[in-house]
Amino acid sequence: MNLKVKLLIILMLPVSFLFGQNKSSIDSLSSHTESQIKHRHTLGASFFMLGNFLSDSPDYYLFTYGYRLTKKGRIFVEFNTWKYSEPLGTYGKSEELYPGYVRAFGVGVGYQRFHWKGLFTTIQATPFIKQYYNTNNDKIQKGFQLYFQLIVGYRFEFFKKRWYVEPAYALKYWPVDTNYPIEFAEIEKGTPKYIFEPSLNFGFKF
């Protein structure tokens, strides 16, 4: 079994668990917890946006709106954009850089499941539109990327549980990544289509 198949199986396990539950059990859990949820809505962002103040800014922005379905389940929509000048699979340690950079814009959806206290897992899918730029900052062409994340983390809550911080670690996998300019494709060749990365998000419940 090759690596791509293994990664797809890993990513699909939480989905199978979620949608494998029968409707009656979900309805029962929802009705039982309906009166216990004080703040269903959340707005969030990433502490990693502080990197935008560095001299080599990634222009990274992440904003999230979430809705608590039950005490254990939350769905969310996330806007994400950044620019990068090296293959994502070797990000931070690439031997070669692109002759330019990529600016990516995406809106993803995800499901977050709380298991014990603040311990959670999340599965997320984000389609990205990628704009390629050359060294003169001219737009060359556009591409498309389908980006999956499987995340494990812990939520710490503060100030009457209205604010939270979520340190986490994620497997990120992009099986679809199209329309690279020739010069970019040469540098991208042979690099992994996945990476393990940390995250540090925060948010407010209302």
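The values are calculated or read from the model by the stated rules, or taken from the named source; none is laboratory data. What you see is a predicted model; the values in this text were computed from it and never measured. Cβ: placed from backbone, ideal geometry, glycine included. Neighbour counts: every protein chain shown.
Computed quantities for the displayed model
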read-out: Qualifying residue in region 168-175 (condition: assigned to a loop (DSSP other than H, G, I, E, B) and within 19 Å of Tyr65 (Cα to Cα)); value: no
read-out: Test result for Tyr98, assigned to a strand (DSSP E or B) and among the hydroxyl-bearing types (Ser, Thr, Tyr); value: no
read-out: Set Lys161, Lys93: member being touching a Lys or Arg at 6+ places or on another chain (Cβ under 8 Å), of a type outside the set (A, V, I, L, M, F, W, C) and not in a strand (DSSP E or B); value: Lys161
read-out: Among (1) modelled with pLDDT of 50 or more; (2) in a helix (DSSP H, G or I); (3) in contact with a Lys or Arg (Cβ under 9 Å, 6 or more places away or on another chain); (4) among the charged types (D, E, K, R) - the single one Lys4 does not satisfy; value: (1)
read-out: Of the criteria (1) surrounded by 14 or more Cβ atoms within 10 Å (Cβ to Cβ); (2) modelled with pLDDT of 95 or more, which one Leu119 fails; value: (1)
read-out: Boolean, Lys172 is within 13 Å of the chain's Cα centre (by Cα), closer than 26 Å to Thr42 by Cα and of a type in the set (D, E, K, R); value: yes
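Here is a yes/no grid of residues against (1) surrounded by 17 or more Cβ atoms within 10 Å (Cβ to Cβ); (2) under 22 Å from Gly44 (Cβ atoms):
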| residue | (1), (2) |
| --- | --- |
| Ile123 | yes, yes |
| Pro127 | no, yes |
| Gln131 | no, no |
| Asn136 | no, no |
| Phe158 | no, yes |
| Trp163 | no, yes |
| Glu183 | no, no |
| Pro192 | no, no |
